[in-house]
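Student: Just dropping this structure here.
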Amino acid sequence: MAQPVLWIDNPGPVSGSTPFGYFDNSVNFKIDAPKAAKWAAYALGYGSIDIEMDSGSFYSRYEEAVLEYSAQVQQFMARENMLSLMGTSNDISSSKYFDYSKKPIPTSLHRVITISDSYGMEANVGGNVTWHKASIELTASIQDYDLDELIALPSASGNAIEIRRIYHYEPVAYGYGLSGVYNAPGVLGSAGQAGTYGLLGEFGWEGLAAGGIATGLSYTLMPVYEDLLRMQAIEFNFQMRRSGYSFEIRNNKLRIFPVPQANQILWIEYVIKDDKITGSPNDLSGSYYSMGNNSSVTTNIGDAPLGIIDYDKLNASAKRWILKYFLASCKETLGEIRSKYQTIPIPGSEVSLNGDQLKQEGREEKQQLIELLRQDLERASTQIQMQIQSDNAQNLQEVLNKIPTGIFVA
C-alpha cells in the first residue's frame, strides 16, 4: 500500500490547487487559505503527530467551507424573497440580469399581482385568460341547445370550454315608451314628434308644433328621476306579468327561458379550460408568458439569480464560521484517510489511528454549524426583524410614558 502524503508545514500556492477555482482571483482567499491550512494542521495535532493531508487537500476543504456558507445564505435569501425573484431574468447575457448576491433584492408585488390574475378571471374583472365570443342561432319554439355541438367543436378545436357569460336579458325598459328623437331629455313619446301622446301630452301640449317639433320643448326639461321611475315601472311590469328571462346550463346543455318565439341570435362568451391552467398562448406580452413560457426567467429556488458570495466582502463573523466548518471538514477528510490505514508500523511496534472517531466528530460538528447558521438566518428574516422593530417601538413608548411631564408656569 502506498504511504500517505504528509503535511510538511509549507503551504503551496492556492491558485490551481482547489477543485473549482472559484476564488483563484480573490486576493483575500489566497492570503487566508494558507493560514487556515496551517491553523487546521496544528489543531489536528501537527507537531506531535503526522497529518496525512497536503496543502491541496486543505485548500479544497477551505473552498468547500466557503461554498457551504454561501449556499446556506443564498438558499435562505431565495426562500425569503421567492415571490420577488419569480419571473426575474436568470440569463447572464441579458441586460435585465442582476446577480442579487451583490445587491439587495428589491421588494416587488409583481408575482402577487400575477397570482391574483386567476382570481380576477374567475370574478370576471381581469386575468390572463382570453375570453372568446361565439353566437348560436335560437330557433322559434326550441328551448334546449347542445353547446358542445354548437360551440366547442367548431370554435375551440374540440377543447373543453367553460361558459362565462350569456347575453340573454329582458328588454331594456328605456326602449318602451321612453325612446324617441329626444329620448335623452325624456320629453317626447315613442315617436318623438309633436302630436304623439308622450310626456308633453300629459301637460296638454301635444300638437303645439313649429315645423313638426314640439314648441314646449323649448321650455320643459323633465328631471332624470322621472325617467328612472318610468323605467322601474316598466321593469316591474315585465317581471310580474311576463316570463322571466333566464337560462340554465347542465352538462353543457343550455336551456333558454322563456321559450324563443322567433328565430334570433344569442351571443355567448367562453374560455378554453386549458387556458386557465397554462394561460392564453397568444398573450406574448403578458405576465404569464414572461414567467411560464420563457426559459430564461426564475421559476424556482434552484435557478434564482443568486451567485456565490464575494469572499473579499465577508466579515469576521462569517469567516469565523467558515474556519470552524473548515476544521470539521478537515477532520472528516483526515478520518477517511486514516480509516484506510488502521495501523501504521513503527520500529518495534505499530500505531493505531483514530479515523472513525475523526469522521464522526467532523460530521457532527458540520451539522451543528449548519443548524446554528440557519437559526441566525431565521432571526435575520424580514418577519422577525419587523417584529423586533415593533417590539422596540412599543417598549420605547412605555419608557417615554414613564417620564414625568414638565409643568410650565406662565
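Student: Using a Förster distance of 35 Å, how high is the FRET efficiency between ALA262 and GLU226, based on the Cβ-Cβ distance and rounded to 0.05? Mind dumping the intermediate values first?
Tutor: Values: r = 33 Å, r/R0 = 0.94.
So, using R0 = 35 Å, E works out to roughly 0.60.
Student: By count of other Cβ within 10 Å, fewest leading, how are ASP54, ASP9 ordered?
Tutor: ASP9, ASP54
Student: Could you order peptides 128-136, 115-123, 256-264 by the average number of other Cβ atoms within 10 Å of their residues, highest first?
Tutor: Details: 128-136: 17.2, 115-123: 14.1, 256-264: 12.6.
The peptides rank, most packed first, as 128-136, 115-123, 256-264.
Student: Same structure again: Roughly speaking, what is the stretch gain from ILE277 to LYS96, that is 0.36 nm per residue apart minus the C-alpha to C-alpha distance, in nm to one decimal?
Tutor: Extra length available between ILE277 and LYS96 comes to 62.4 nm.
Student: Listed highest first by mean packing, meaning other Cβ atoms within 10 Å per residue, what order do 325-336, 34-45, 380-391, 95-106 come in?
Tutor: The peptides rank, most packed first, as 325-336, 34-45, 95-106, 380-391.
Student: Now a separate question. Based on other C-beta atoms within 10 Å, arrange THR107, THR299, THR18 from fewest to most.
Tutor: Numbers: THR107 9, THR299 15, THR18 21.
Ascending number of Cβ neighbours within 10 Å: THR107, THR299, THR18.
Student: Which pairs in the list LYS30/LYS96; LYS38/LYS366; LYS35/LYS319 are over 24 Å apart, alpha-carbon to alpha-carbon?
Tutor: Table pairs above 24 Å Cα-Cα are LYS30/LYS96.
Only the coordinates and a few stated rules stand behind these numbers; no lab work does. All values derive from a computational prediction rather than experimental measurement. Note: ideal-geometry Cβ built from the backbone for every residue, glycine included; neighbour counts use all protein chains shown.
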